[in-house]
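Structure first, then comments.
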Amino acid sequence: MFKTAEHAGSVKPNILVLPDGNRRWAKENNVTYADAYDMGARRIVECTRHLGTLGLHEVWFGVARPFNFERAASEVSTVLDACLKIQEIGQENGDPFNISVGGDPNLMPPEYQQQFKTQENSHDPDGITAHLLIGWSSETEAASFARRVQDYPGETLEDQILRSSAIAKPVDYLIRTGIDTPNGQGGRVSGMLPLHSLQAELHFEPTLFPDFTTGHLDRALIDYETRTHRDIVSL
């Protein structure tokens, strides 16, 4: 199984996590959105570090779609403030921890753009990396692809799709938390599946992200092991 470092395969999947359920968790636990997103930031670090012990040195997190920036400015700032804490939390044990930001940074206020850029510029090649997708969705990728087709007509279709994405390589496994379908059955990706990853395996977890532990993550990884993989990497 892929549950421990000793059993991890030599070929690792590229994983995208959609950390949903922070706002619902705040309401259910009678705490502020800031408390929920701060807990979510810690869960991002825990997931990234846990996967790092299994040989995955980078993980992708779909933090915010463009429409999320239509919410009140104070709530947008709450989400971005929590994201800015991720690197510091990740370095609490003294080990290097990197973040990168993909998507549309222009949706963020300039002061946040600068702070994220400063954190990205401190990249340590020996550290693991949490890639934060902010202001990103399948729709933004489609728009980027349409522009690239016009600007780089000599590229292959595969290159045009890949280079239009905020995710550097195809996703093999997408994990979405906080799914609210009846009985936790089924799920949806809500416009957050990269165009180059249409064959990705999907795992839907009803647990709200602030409650999503490494135990839940291990369960998702075991689920991945049970799949019959076609045209994607296997462990």
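Bear in mind these aren't lab numbers, they're just calculated from the coordinates by the rules spelled out. In this text the structure is predicted, and so the values were computed from the model without any measurement. Here the Cβ positions follow ideal geometry from the backbone for every residue, glycine too, while neighbour counts run over all protein chains shown.
Full extension of the chain segment joining residue 27 with residue 106 gains 25.4 nm, where the gain is 0.36 nm per residue of separation less the Cα-Cα distance. Rg/Rh for the range 11-58: what does it come to with C-alpha atoms and Rh from Kirkwood? Over the Cα atoms of the range 11-58, Rg/Rh equals 1.11. Here the range 106-132 and the range 6-80 have alpha carbon centers that stand 15 Å from each other. Spacing of the modelled spin labels on residue 168 and residue 188, each 7 Å from Cα toward Cβ, amounts to 3.3 nm.
Under a 10 Å cutoff between Cα atoms, tell me which one of 42, 163, 147 has the largest fluctuation in the Gaussian network model of the chain. Checking each option, the largest mean-square fluctuation is seen for 147. Between amide H atoms placed 1.01 Å from N, distances below 5 Å from residue 18 occur with 62, 175, 176, 177, all of them 5 or more places distant or on a separate chain. Annotation: extensible slack from residue 81 through residue 120 equals 12.5 nm (criterion: 0.36 nm per residue apart, minus Cα-Cα distance). The string of couplings for the range 18-33 from the Karplus curve (6.51, -1.76, 1.60, θ = phi - 60°) is 9, x, 9, x, 5, 5, 5, 4, 4, 5, 5, 9, 6, 10, 6, 4 Hz, one whole number per residue in order, with x for Gly and Pro.
What FRET efficiency, computed as 1/(1 + (r/R0)^6) with R0 = 30 Å and r the Cβ-Cβ distance, is obtained for residue 223 and residue 146, rounded to the nearest 0.05? The pair residue 223/residue 146 has a calculated efficiency of 0.30. Measuring nothing but how far apart in sequence close Cα pairs (under 8 Å, 6+ apart) lie, relative to its length, the chain scores a relative contact order of 29 percent. Roughly speaking, what is the stretch gain from residue 211 to residue 72, that is 0.36 nm per residue apart minus the C-alpha to C-alpha distance, in nm to one decimal? Extending this stretch completely gives an extra 47.5 nm.
Among 206-212, 22-28, 88-94, 58-64, sorting by the average number of other beta carbon atoms lying within 10 angstrom of each residue, highest first, gives 58-64, 206-212, 22-28, 88-94. In order along the range 157-174, phi translates into HN-Hα couplings of 4, 4, 5, 4, 5, 5, 7, 8, 8, 7, 10, 5, 8, x, 7, 9, 9, 10 Hz, rounded to whole numbers, per the Karplus curve 6.51 cos²θ - 1.76 cosθ + 1.60 with θ = phi - 60° and x for Gly and Pro. Evaluated over the Cα positions of the range 50-156, the convex hull gives a direction-averaged projected area, one quarter of its surface, of 8.6 nm². The percentage of C-alpha pairs in the chain whose separation is greater than 28 Å is 30%.
On the beta carbon distance between residue 202 and residue 156, with R0 = 25 Å, the FRET formula returns roughly 0.40.
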